[in-house]
Amino acid sequence: MSRAESILRAAFGDRARNHYSLAPLTTFRIGGPADLYVEPESTEDLAAAARAVSETGLPFTVLGKGSNVLVSDSGFPGLVIRLGKAFRWAEPEGGILRAGAAMPVPALAGVALTHSLAGLEFGVAIPASLGGAVRMNAGAHGHSMEEIVEDVEVFSFNEGQTKTVPKSGAGFSYRGSSLGDGAVVTGASLALQPGEPGEIRRHMDDAREWRRATQPLAEPNCGSVFKNPPDGQAARLIEEAGAKGMTVGGARVSEKHANFIVTTPEATSADVLSLMLEIQNRVQDKAGVLLECEVQLVGEFDPVPR
């Protein structure tokens, strides 16, 4: 740990932090600190982080907007990377919208509207950075990122350099990809189509209204907790299993949407994890379906959901 910290401080200076609180960086607003934390602003910064990892074997993970993650109460025993403002940019080139991985997807949808580009309207309902949305193949309203991704720019920690991965090499699947743990998404190109601004705006407004009406936006949550099983909806199965409104400590299954867990200021990550396990058990007992977690676990947990 000390060797990794010295490498990072040589490159980042005071921008390298230790025992850095992660809770404010997540939409759950819970979780412990990172042993080491940096916000790279360049490829050189990423190369320094890669050296710290390769020379010490230190575990690392990447945070985006902090949705779809649950950080352990004990935090993360390694390096947490969150791309800085230099990776928050967008640039249209004809029908292609290129953007940095730190760009929030709803804001990117707004850029597309400004340039009369259609195809990303569903993005206003995805509270994630572009990097996280691409890696997890995020989606809403029957659409997902794989439909519009042209290629993905990644910084490979294994190779210590940036490379471009075509859509065919990204291995997109339902709420996932095969980009690999050693690949940090730094940007992406999205293939959109010319559209009529009024029509684009109408679809975006519909998506926003649907989200306000169906999701507990006023309470801390991470988004959908479980993936929809084939030919089914996780929220319906959870509700039919009698788990809607169920609580464990400061964590509660939302009464507004059963596939959302909301937290109070007193909640712990252990509360959320216990509630996830109980939901899995109830749904499996009731419907014979084992729900698969969509939320990513960051840090060490015991027990781990199935």
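The values are calculated or read from the model by the stated rules, or taken from the named source; none is laboratory data. On a predicted model such as this, the values are computed, not experimentally measured, just so you know. Heads up, the Cβs are rebuilt from the backbone with ideal geometry, glycines too, and the neighbour counts pull from every protein chain shown. Note: areas computed on protein heavy atoms with side chains; ligands, DNA, RNA excluded. Shrake-Rupley method; radii C 1.70, N 1.55, O 1.52, S 1.80 Å.
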**OP:** Taking the options Phe60, Phe87, Phe28, name whichever one is modelled with pLDDT of 95 or more and closer than 24 Å to Pro220 by Cβ.
**Re:** Phe28
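Could you tell me which of the residues Arg175, Arg211, Arg135 is under 19 Å from Trp89 (Cβ atoms), of a type in the set (Lys, Arg) and open to solvent by less than 80 Å² (accessible area, probe 1.4 Å)? Outline the logic, then answer.
Numbers: Arg175 fails: under 19 Å from Trp89 (Cβ atoms); Arg211 fails: under 19 Å from Trp89 (Cβ atoms).
The conditions single out Arg135.
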Original post:
Since Leu46 meets every condition but one in (1) part of a loop (DSSP other than H, G, I, E, B); (2) crowded, with 21+ Cβ neighbours inside 10 Å, which condition does it not meet?
Top reply: (1)
**OP:** Kindly list, by first and then second residue, each pair from a residue in region 245-271 that is in contact (Cβ under 8 Å) with a residue 60 or more places away in the chain and under 15 Å from Ile30 (Cα atoms) to a residue that is aromatic (Phe, Trp, Tyr) and buried (at least 17 other Cβ atoms within 10 Å of the Cβ), limited to pairs with Cβ atoms under 6 Å and residues at least 6 apart or on different chains.
**Re:** Thr263/Phe28
**OP:** Select from region 162-190 the residues that are free of Cβ contacts under 8 Å to residues at least 24 places away in the same chain and in a strand (DSSP E or B) and list them in ascending order.
**Re:** Lys163, Thr164, Val165, Pro166
Subject >> Residues of region 1-28 satisfying the condition of being acidic (Asp, Glu) and either open to solvent by 60 Å² or more (accessible area, probe 1.4 Å) or in a loop (DSSP other than H, G, I, E, B) (or both) >> reply: Asp14
**OP:** Report, by residue number, each residue of region 29-42 that is touching a helix residue (DSSP H, G or I) at 6+ places or on another chain (Cβ under 7 Å) and assigned to a loop (DSSP other than H, G, I, E, B).
**Re:** Arg29, Ile30, Gly31, Glu39, Pro40, Glu41, Ser42
Original post:
Given the structure, is Met103 touching a Phe, Trp or Tyr at 6+ places or on another chain (Cβ under 7 Å), buried (at least 16 other Cβ atoms within 10 Å of the Cβ) and under 26 Å from Val225 (Cβ atoms)?
Top reply: yes
Subject >> Only one of Val111, Val53 that is assigned to a helix (DSSP H, G or I) and more than 30 Å from Phe260 (Cα to Cα) >> reply: Val53
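Can you confirm whether Val184 is open to solvent by less than 30 Å² (accessible area, probe 1.4 Å) and in contact with a Lys or Arg (Cβ under 8 Å, 6 or more places away or on another chain)? Don't jump to the end; show me each part of the working.
Working: open to solvent by less than 30 Å² (accessible area, probe 1.4 Å): yes; in contact with a Lys or Arg (Cβ under 8 Å, 6 or more places away or on another chain): no.
Taking the combined requirement at face value, the residue does not satisfy it.
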Subject >> Selected residue [surrounded by fewer than 20 Cβ atoms within 10 Å (Cβ to Cβ) and among the hydrophobic types (A, V, I, L, M, F, W, C)] from Ala118, Ala170 >> reply: Ala118
Original post:
Right, Ser74: under 24 Å from Leu297 (Cβ atoms), open to solvent by 30 Å² or more (accessible area, probe 1.4 Å), touching a residue at least 24 places away in the same chain (Cβ under 8 Å) and among the polar types (S, T, N, Q) or not?
Top reply: yes
Subject >> In region 218-277, residue surrounded by the fewest Cβ atoms within 10 Å (Cβ to Cβ) [restricted to those that are in a loop (DSSP other than H, G, I, E, B) and hydroxyl-bearing (Ser, Thr, Tyr)] >> reply: Thr264
Subject >> Residue count, region 278-306 (criterion: part of a loop (DSSP other than H, G, I, E, B) and free of Cβ contacts under 8 Å to residues at least 60 places away in the same chain) >> reply: 7
Original post:
Does any residue in region 1-16 that is closer than 19 Å to Pro33 by Cβ come within less than 6 Å, Cβ to Cβ, of a residue that is assigned to a helix (DSSP H, G or I) and open to solvent by 20 Å² or more (accessible area, probe 1.4 Å) six or more places away or on a different chain, and which pairs are these?
Top reply: Ala4/Thr56; Ala16/Arg9
**OP:** Tell me, yes or no, whether region 146-158 has at least one residue that is assigned to a loop (DSSP other than H, G, I, E, B), at pLDDT below 95, open to solvent by 20 Å² or more (accessible area, probe 1.4 Å) and farther than 25 Å from Pro220 by Cα.
**Re:** yes
